[in-house]
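The structure appears below as structure tokens.
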Amino acid sequence: MWRSISFALFFFLNHSILFAKDSKTKSNPVGFLYISSNSGQSSGGHSALRIGNRVYHLQYSFDEKIFFIIREPWENFRFLYSVVQNRNIEFYEWNLSNAAKREFQRKWDELYLIQKKYLTNIDSLKQDHQFYSEWISDNQTSVDGLGYFTEIKSEAEKEELSLSNSEKNQIKESLVILKKELQSIFDASQKNTETNLFTTNQQTVKDLLNEETFSEFFPPHSIETKSIQVQNLIRKIHIRKWLLEPSLPYLPAFFSIPFDEDLKVKEEDQIWLKQIQGELRKNLIACIQDQNCDDWEELSLLVRYIANGMSRDFGVFTFPLLKTKSLPHHIEFEIPVWLREKKNLEYKQAFYDLKKEMMGGYHFATYMEWERFHLKWYLFFQNGNEGLLDIWTPNLPGKVTLQEFSPNKNPPPSDLLAQLGTGLEFQLEYQTKVQKIYSYHLIFKNCTGELFRYQNHFFPDQNILGEPIGERIAHEPRYLNFIPAVAAMRLESHPLTRRKKIYLSFRNLYLNAKLQNKKDTWKDQLPSLSPIYKPNPFDHSFLFFTDDKFYSRPLYGLSNLVWGIGYTATGILWIPLDYGQTVSKGSESIFYSLPELIFFNIRKGHFPYITIEEIPSEYYQLEKE
């Protein structure tokens, strides 16, 4: 229900690469997901919607104070909750036609994209404030995407590009037009000091702050600030100047996997790398000639062209680093050295498989997957943690002097300092309004109740494209459907539900496999003796697992309670050394042992240190049923 915890192992983010053949589904299932509880902030369970191979759910970010609508692949979601967090997932599949399923997904995609537009606007306002602050301080500014270049000219690169005279002339003509356009923006800011620099016009400001325009069901106005226009033009100008006079790349902005002999660029690799180089060059020139091709498309092609050339020159596969951001429900932590070594072996196997695809010929989607895979591997190798990547354009910032991109000197407008304050107030007010519409409350606005509130808004007459979907699932708190377990219980008997399917947790799948093979499982009841459980940062100390017990649960719970009390008492002696961490863990152990005395289980343990060979075959079999 609440903000869940996660890790970022290779298996989690590259699950589709290694196991696509095993996990593909033949159908397009749609329905409600109930995820059982676990310790931490998941004590009340969690709810989500599965629509085909995507899952839609809500997670609150305490840092940003926004209830995020999350859209992620089903295979990632399932692995996170049923393996890492060791929680059963109950799937209540709905009986809908394919047309109704598509309409249902369309509504949720709209909702997701509307929120994303609000978040993009907030980022634009923050970027706007940073741009003008830097302009005031030293007539420089940071431009995302320009962190991959130096000012040192490269004759070798110029020779490699070998632009024709017609291509050079087209680039020069385009460069003149872009510089004039940029200069006109600077000139306008000097002449008309009454115009707010932070938006395109004053009316937009009034519209954006109008209370009536803020809605989670209607897309907001896009905030197109002058600083964004300037930075877009600067990127385009920089690309054309580079093509005419190439410079050396900034090496720290690129990476390669620490390699052994098998991972180096072989002689046969040079052939397909050269083909890719030619395709990237051709696409870049075509993009520059196409007026509909934006600055980010041009920049992505150029940076990838440079990285591909570095792979050929250095003899090791090289890629651009990206500035990434994780989703709110993913928390990073360090992975042990022994597990890193195992995971690196798994990465290498996936490397060989992807390399075979790359050798088959250039395709944009294949190249993106190749680049994406290496970035995950690099992040994993650096700190044992991949993060969750949601940005795939080269976006490292680079400092530029504004005079470099326009012929005239462009001092900041005289009233810019005052407008900075106004712009900051505008940004905070806009952000507060967004936080208000995407607020969170444990009872009145939580992850389960919101799913039904949105559904009731989408289909108020309880039909999708004329197809009845049964009685209304009330979202009002008095009906208690905000409790995930209650909502699941009611959906089980709802006429819309076609069937209930249970995806067992990792530990339960493991125990079932042992019982079917008539193997003893008594050691698996103790975390200290279990062959699959390893202590991890997410769990406190406890003596027995109780999630697979019922009648004997109070007895096991009493043992856990006594253990927790003893652990806490011992922790008091360690307070001067660990600043109370042991006491805190012991208190958690006591807290989660108490429900077990009355037959109720919350704590199930976490399994973040899982390797591929430990996943039972039944995990994939469930997807084929």
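The values are calculated or read from the model by the stated rules, or taken from the named source; none is laboratory data. Quantities reported herein were computed from a predicted structural model and do not represent experimental measurements. Cβ placement follows ideal geometry from the backbone for every residue including glycine, while neighbour counts extend to all protein chains displayed. Quick note on the areas: whole protein, heavy atoms, side chains included, nothing else; ligands and nucleic acids left out. Shrake-Rupley method; radii C 1.70, N 1.55, O 1.52, S 1.80 Å.
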### Summary
Partner aspartates and glutamates whose C-alpha sits under 13 Å from that of Lys168, ignoring same-chain residues fewer than 8 away, are Glu245
### Summary
Over 25 Å (Cα to Cα) among Lys356/Lys534; Lys153/Lys274; Lys65/Lys500 -> Lys356/Lys534; Lys65/Lys500
### Most positive-pole-ward Cα, Tyr132, Gln105, Pro246, against dipole of the chain from beta carbon charges
Gln105
### Message
Sequence gap at least 6, Cα distance under 8 Å: using those rules, report the relative contact order of the chain to the nearest whole percent.
### Response
23 percent
### Message
What is the angle, in °, between the Cα long axis of helix 416-437 and the longest principal axis of the Cα atoms in the chain? Nearest 10 is fine, range 0 to 90.
### Response
30 degrees
### Charge dipole magnitude, Cβ of K and R +1, D and E -1 - the chain, Cα centre, debye nearest 20
1520 debye
### Message
If each residue of separation counts as 0.36 nm, what is the full-extension length gain between Ser162 and Gln516 once their alpha-carbon separation is subtracted?
### Response
120.7 nm
### Query
Relative to the Cα centre, what is the charge dipole magnitude of segment 435-545, using +1 at the beta carbon of each Lys and Arg, -1 at the beta carbon of each Asp and Glu, and rounding to the nearest 20 debye?
360 debye
## Note on the structure
Dipole check, the chain, charges on Cβ (K,R +1; D,E -1), about Cα centroid: among Phe459, Tyr148, Leu354 the Cα furthest to the positive pole belongs to Phe459
### Task
Using label points projected 7 Å from each Cα along Cα→Cβ, tell me how many nm separate Glu471 and Glu151, to one decimal.
7.4 nm
### Placed amide H near Phe68: partners under 5 Å, 5+ positions off or other chain
Gln59, Tyr60, Ser61
### Query
Label points 7 Å out from Cα along the Cβ direction at Asn292 and His363: separation in nm?
2.3 nm
### Message
Taking 0.36 nm per residue of sequence separation and subtracting the Cα-Cα distance, how much length would be gained by fully extending the chain between Val337 and Asp109, in nm to one decimal?
### Response
78.1 nm
### Task
Calculate one ³J(HN,Hα) per residue across segment 539-553 by plugging θ = phi - 60° into the Karplus curve 6.51 cos²θ - 1.76 cosθ + 1.60, and present them in order as whole Hz with x for glycine and proline.
10, 8, 7, 8, 8, 10, 6, 10, 5, 9, 10, 9, 5, 8, 4
### Query
Just one of [x] 55; [y] 66; [z] 61 is percent of Cα pairs over 31 Å apart calculated from these coordinates, so which is it?
[z]
### Summary
accessible surface per residue for the chain, probe 1.4 Å, DNA/RNA/ligands not counted, whole Å² -> 46 Å²
## Note on the structure
Sorted by chain and number, the residues with a modelled amide H under 5 Å from that of Leu480, at a separation of 5 or more or across chains, are none
### Query
Could you give the dipole magnitude of segment 226-294 about its Cα centre, charging the beta-carbon of Lys and Arg +1 and that of Asp and Glu -1, in debye to the nearest 20?
640 debye
### Karplus 3J(HN,Hα) series, Hz, for segment 255-269 with 6.51 cos²θ - 1.76 cosθ + 1.60 (x for Gly, Pro)
9, 9, 6, x, 10, 10, 4, 5, 9, 6, 6, 7, 4, 5, 5
